[in-house]
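Participant: Questions regarding the structure given below will be posed in turn.
Each value in this text was obtained by applying a stated rule to the coordinates, not by laboratory testing. Source: prediction; values computed, not measured. Counting neighbours? That spans all protein chains shown, and the Cβs are built from the backbone with ideal geometry, glycine included.
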Amino acid sequence: MSKYKVNLKINNIAVSVDEGTTILEAARQLNFTIPTLCQHDDLCVAGNCRVCVVEQKGARLLPASCATPVSEGMEIQTNSLKVRQARKHIVELLLAEHNADCTKCFKSGYCELQDISNDYRIGDHIFLDLVKEKDKERDISSPSIEKDDSKCIRCQRCVRTCDSMQYVSALAVTHKGNNMRISTFMDKPMNDVVCTNCGQCINRCPTAALTERNYIDEVFDVIYDPNKFVVVQTAPATRVAIGEEFGMEPGSRVTGKMVAALRRLGFDKVLDTDFTADLTIMEEGTELLTRLKEALVDGKEVALPMLTSCSPGWIKFQEHMYPDLLDNLSTCKSPQQMFGPLAKTYYAEKINKNPADMVVVSIMPCTAKKFEAERPEMRGSGYKDVDYVLTTRELGRMIHQAGIEFEKLEDEKYDSILGESTGAAVIFGSTGGVMEAALRTAYEIVTGKEVPFTNINIKPVRGMEGVKEASVKIKDAKPEWSFLEGVDVNVAIAHGLVNAKILMDKIKSGEANYHFIEIMACPGGCIGGGGQPMPTNMEIRKKRAAGIYEEDEAMVLRKSHENAEVTEIYKSFLHEPLGHKSHDLLHTHYTPRKRQ
Amino acid sequence: MENKMKKVDLIFDQVDHLAILDKSLQRTQDEIILDVIESGLRGRGGAGFPTGLKWKFAKNEEADQKYVICNADEGEPGTFKDREILTQVPDKVLAGMALCGYCIGATEGYIYLRAEYNFLLPMLHKAIDKFHKELKKRDFDFSIRICSGSGAYVCGEETALMESMEGKRGEPRNKPPFPTSSGYLGKPTSVNNVETLVFALMIAQEGPTQFKEMGTFDSRGSKVFSVSGDTPTPGIFELELGMTLEQFVNEFGDGDTKAVQVGGASGFCVARKDFKNTLIGFEGIPTGGSMMLFNSSRSMYNILNDYLEFMEEESCGQCTPCRVGCQQLVKGIEAVKKGVKPPAYLEELQKLSDTMRIASKCGLGQSVPNPFNSIIQNFREEIIY
Amino acid sequence: MTRIEELVKEQADKHGRQRTSLMPILQAVVGSEHYLSEDALVAIARELDLSSADVFGTATFYTFLDTVPRGKYVIRVCKTITCHMKGKDEVIGALEDMLKVKLGGTTTDGKFSLLQANCLGWCHKGPVMLVNDEVYPEISAEKAVEIIGGYLKKG
């Protein structure tokens, strides 16, 4: 449908834009940046911080450019004296209720309020300090997310994220007037509410009101502890994002540099979560085929569709929101949590280390992984399987602290063993990736042939659409899988929990005829994770996803079952997927929780 | 100057509301709307938007459902006339709503009644039941329900009111879109003050001329005033618009009036020296009806502080200028009073209030500068010392 | 089902389970329980399929939707300027003495809460107070004590 064009002038320059465009967007088209704080490209309009006000000729009020659609003949000034005065005042007001202890703040240098304040040369504060003492007590109840109300500027980005992107609403705007704040149900600590720890709120918080719990010092402590053997694992999505911490383009593939940097930081071994991603496919693929066999051949009551379990934000969401469907969840631990116990059993034995002296650190695009590592069931090795979880951002910070010039590093390779992986593993980092990897392997197990897609790229499961569906027909099944002959394997993919809800409601109502569903808590999958570099938006996520798929295509091996280390671990240690050892080390159970 | 202190009886006069409605239903919607436009009636809640135009905009929208909302969230300090109107002539309010419904094509009406007036509920429900029966007899499809507020001044702002009706926090919306195109539940909605609806009904009865001939060019007709403070005759008075404050004070003052707050906590303070040349109305100082008189025994600091604390608490809190600005003003005058900040800090605060006026999201924040600047300008010494 | 859950269900049956039903349900629960307890908020959120934080956030916006325990009779004395001028402080002082409770507090027997409110809309007849939904204009310290005495007798 063609849209009406609206003609207006911004800073005396004529421009013609689609009807419904906001003044802010129109200004951007003319390469005028208007500062914003509550506005975020991923979120609905709020219009409440008022930093983006502009002057409209003939109007008494200064409209908020983020919230005001253009109209014919409008004349806008984005930086008039009137605008500058108002904007300065507004920033001053925000600073008055903001605990501006910038030198001590984790977000210093990454803070949008600080940027605007610097731009406007806000010097001595004109107004009275309004920060409440009680707000300075940070909420560190959650292992994933830290909430500091004294830094909050009430832009409500987190509230909109938690509601409209994630359908969680653990955070809400509460009270009013001088008492208005962003809080939880009954002002409870973050760890006691429905929060999934996805960290999407952190990704959008303009200040340090919401940050990840950071464990940088703890990790440096163990690195420099001569009695500790510290191994690090890196998640698929980190390698296409960490470059952003050093000013590189989103999606830059810097796997080799990241490995080199980790070695320079002093980790004893640099290993790869991608290895356990391949292993996940073996376990989860087998689990799916087993469930299908039990349903179709043995006529058993089996929970289908099967749901992936790699995303800990999604797991907690399901525990809260759909506890009655927990049987549908794959019992596979996430790749991070498969890695931990294998490192402290199989690997420790191989390299002759006492697991008690081993420390497993993971680098994750995710904040929910911090919570996941703390789950009491994640002690399959007899120890805490994963000791510390750092976000991509925290790793970036460590590299900065250590003075390593990341961009100039020569590529290095992961250590062996537990360092080998395939292209199927790296695509775990993007929405649809687990599904694609699973199909590549499962199809080949069942038919002995490659999936019938050009260059085994299963395009229908890729892309940024919130809910994706695809169907793969099984042809020429091997005799032992003959019950699947001619079956259309129906799959669906959702990313972002608001989209997960759509699929879950379909399952609940019985409308769904899927066999297998992949769900990732974060938009775009792990590449858009709550621990990834900021800022984030659709364009950045698309670039990172492109990086992931390039990485896949550049790999020699692109199917999990071709991973030689995987073959070896089954031969010498696990024996078979879903076997006794796997059950002990690689599978888990879930906890029904309340939504309220 | 002619004496405009004429007392009028359009609002409280007991009339046959059903007869007016019957007569109106014989006419076309456009005819009635034209009469309302012609009369010059402007919204009586305070903002003063031309009522006929509002109805016309709502009528011109295509929608499967439209709504009429009677704004009875009267919360402006010093205003109590809507309660009195609802108490004395509820039938006229209901008929005004039905008339509006007929004009814009709405079959559902709501009265948003502030919680502080919950004691009116039994009486209003009774009146509504009776009214519904009459409408049924006439085969006229219109029904009225009451939504209760729960103690939030800002819900008198029409978009906040609709948010509240939708079960949410009463936070004003971004405009545009305006309620006449996207209001309650996203449908075209006409939100009118209690008093406005009664005037519209009376204009439908009498024609536009009588109303139009009263008042001044920009402020036609009469208006119900809520008079309080230092006055021997506090209460409700319907007066022709266009009087000066001097005429008003002569009528209602106690002989020692030093200031009148016109329009409540969000209105303007006028000092004695300006009574003569201050017109009450849209040309001068508009008011939703609140007229608070203060004599020389009153501390203007206390009065200003009271208004600012009210706004600080009643701000919805979503937008920066209003949320933080109100707090700065409250604490700022206190700091000056206590000598923590120099008197010149008042000028900084006045600049801040100018920003609040132009950069706040809704009328609440935009009007905090009214009392602030007018009281500081007129009574600077009382604020400092 | 607990008593609160039953009450909430009954109200949801009456008002519906749409978002537009939230205010009447919150109001009804406050009407019967005098405040919104954690259990009540959870029950409402569950019944309406809303997040409990969202319900809490909505309730705390409104002064009359208390989320801390209140007495059977909530006294709200208007504090706005004209009532201030006409002696609301004396009224509050007298009630504090009578009920042995500080402003903002609730008597130990859970019978009365003594609060202030913003303009109640009786500026010509101040001071004014509300006791639950009942309004008492043109009170004095003595009159207020007498009125509350009546409630004391009523139990």
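Participant: Indicate the helices, whole DSSP H runs only, in chain A that combine a mean Kyte-Doolittle hydropathy of -0.5 or more with a Cα extent along their long axis of 27 angstrom or more.
Facilitator: Helices meeting the criterion: A:273-296.
Participant: Report the FRET efficiency, 1/(1 + (r/R0)^6), for residue B:296 and residue C:89, where r is their Cβ-Cβ distance and R0 is 22 Å, rounded to 0.05.
Facilitator: So, using R0 = 22 Å, E works out to roughly 0.60.
Participant: So who's got an amide H within less than 5 Å of the one on residue A:359, skipping anything under 5 residues away but keeping other chains? H placed 1.01 Å off N, in plane.
Facilitator: A:229, A:230, A:231
Participant: Let me ask another. Counting only other chains, what is the mean number of Cβ atoms within 10 angstrom of the Cβ of each residue in peptide C:15-27?
Facilitator: 3
Participant: Give the share of C-alpha pairs in each 20 angstrom bin for chain A, from 0 to the last occupied bin, in whole percents, shortest bins first.
Facilitator: Percent of pairs per bin, in order: 20, 51, 25, 4, 0.
Participant: Can you give me the relative contact order of the stretch A:78-161 as a percent, contacts being Cα pairs under 8 Å and 6 or more apart?
Facilitator: Once divided by the residue count of the stretch A:78-161, the mean separation gives 34 percent.
Participant: Which entries in B:54/B:133; A:543/B:361; A:88/B:331; A:449/A:543; A:269/A:468; A:333/A:353 show an alpha-carbon gap greater than 30 Å?
Facilitator: A:543/B:361; A:449/A:543; A:269/A:468
Participant: Now a separate question. Pick out, in residue order, every one of the trypsin sites (Lys or Arg not before Pro) in the stretch A:69-123 that is DSSP loop and has at most 15 other C-beta atoms within 10 Å; say none if there are none.
Facilitator: A:121
Participant: With both bridge residues required to lie in chain A, what share of the DSSP beta bridges run antiparallel, to the nearest 5%?
Facilitator: Of the beta bridges lying entirely in chain A, close to 50 percent run antiparallel.
Participant: Another question about this same structure. Select from B:50, B:176, B:369 the residue whose mean-square fluctuation is largest in a Gaussian network model of chain B (Cα-Cα springs shorter than 10 Å).
Facilitator: Of the options given, B:176 has the highest mean-square fluctuation.
Participant: At a Förster distance of 25 Å, what's the computed FRET efficiency of residue C:109 paired with residue C:138, Cβ-Cβ distance as r, to 0.05?
Facilitator: Rounded to the nearest 0.05, the efficiency is 0.30.
Participant: Still on this structure, I have one more. Could you give the dipole magnitude of the protein assembly as shown about its Cα centre, charging the beta-carbon of Lys and Arg +1 and that of Asp and Glu -1, in debye to the nearest 20?
Facilitator: 1280 debye
Participant: Pick from C:50, C:115, C:36 the residue whose mean-square fluctuation is largest in a GNM of chain C, springs joining Cα atoms under 10 Å.
Facilitator: C:50
Participant: Right, here's the next one. Rounded, prolate or oblate: which fits the stretch A:1-85, taking a ≥ b ≥ c as square roots of the Cα gyration tensor eigenvalues, rounded meaning a/c under 1.5, else prolate when a/b beats b/c?
Facilitator: Oblate is the answer for the stretch A:1-85, as a/c is 1.5 or above yet b/c matches or exceeds a/b.
Participant: Please state the relative contact order of the stretch B:300-384 as a whole percent: Cα pairs under 8 Å, 6+ residues apart?
Facilitator: Over the stretch B:300-384, the number comes to 36 percent.
Participant: With each pseudo-label sitting 7 Å past Cα toward Cβ, what's the residue A:293-residue C:2 distance in nm, one decimal?
Facilitator: For the pair residue A:293/residue C:2, the computed spacing is 4.9 nm.
Participant: What Kirkwood Rh does the stretch C:73-154 have if only Cα atoms enter the pairwise 1/r average? Answer in Å.
Facilitator: It works out to 12.2 Å.
Participant: Something else about it: Taking only complete DSSP H runs, can you tell me which helices of chain B stretch 20 Å or more along their own long axis by Cα positions and average at least -1.0 on the Kyte-Doolittle scale?
Facilitator: Flagged H segments are B:90-104, B:121-137, B:300-314, B:320-337, B:345-359.
Participant: Within 10 Å of each Cβ in peptide C:43-55, how many partner chain Cβ atoms are there on average? Round it to a whole number, please.
Facilitator: The mean count of partner-chain Cβ atoms within 10 Å per residue comes to 6.
Participant: So which trypsin sites (Lys or Arg not before Pro) in the stretch A:496-596 are both in a DSSP loop and have at most 16 other Cβ atoms within 10 Å of their Cβ?
Facilitator: When the trypsin sites (Lys or Arg not before Pro) of the stretch A:496-596 are filtered for loop state and at most 16 Cβ neighbours within 10 Å, A:593, A:594 remain.
Participant: Then there is this: Show me the three semi-axes of the equivalent ellipsoid for the stretch B:17-213, from the C-alpha gyration tensor (sqrt of 5 times each eigenvalue), largest first, rounded to whole Å.
Facilitator: Equivalent ellipsoid semi-axes, largest first: 23, 19, 17 Å.
Participant: In what order do A:148, A:187, A:327 fall by count of nearby beta-carbon atoms within 10 Å, going from fewest to most?
Facilitator: A:327, A:187, A:148
Participant: In a Debye calculation with equal point scatterers on the alpha-carbon sites of the stretch C:3-61 and no solvent, what is log10 I(q)/I(0) at q = 0.23 Å⁻¹?
Facilitator: Summing over Cα pairs of the stretch C:3-61 leads to -0.82.
Participant: I need the per residue convex hull volume for the protein assembly as shown, using only the alpha carbons, in cubic angstrom as a whole number.
Facilitator: Enclosed volume per residue, from the Cα hull, is 198 Å³.
Participant: Another question about this same structure. Peptide C:88-97: average number of partner chain Cβ atoms within 10 Å per residue?
Facilitator: 0
Participant: Measure off 7 Å from each Cα along the Cα-to-Cβ vector at residue A:410 and residue B:49, then give the distance between these two points in nanometres to one decimal.
Facilitator: 7.1 nm
Participant: Okay, moving on. Of the trypsin sites (Lys or Arg not before Pro) in the stretch A:267-332, which ones lie in a loop per DSSP and count no more than 14 other C-beta atoms within 10 Å?
Facilitator: Of the trypsin sites (Lys or Arg not before Pro), the ones in loops of the stretch A:267-332 whose Cβ has at most 14 other Cβ atoms within 10 Å are A:300.
Participant: At a Förster distance of 51 Å, what's the computed FRET efficiency of residue A:132 paired with residue A:227, Cβ-Cβ distance as r, to 0.05?
Facilitator: E between residue A:132 and residue A:227, to the nearest 0.05, is 0.70.
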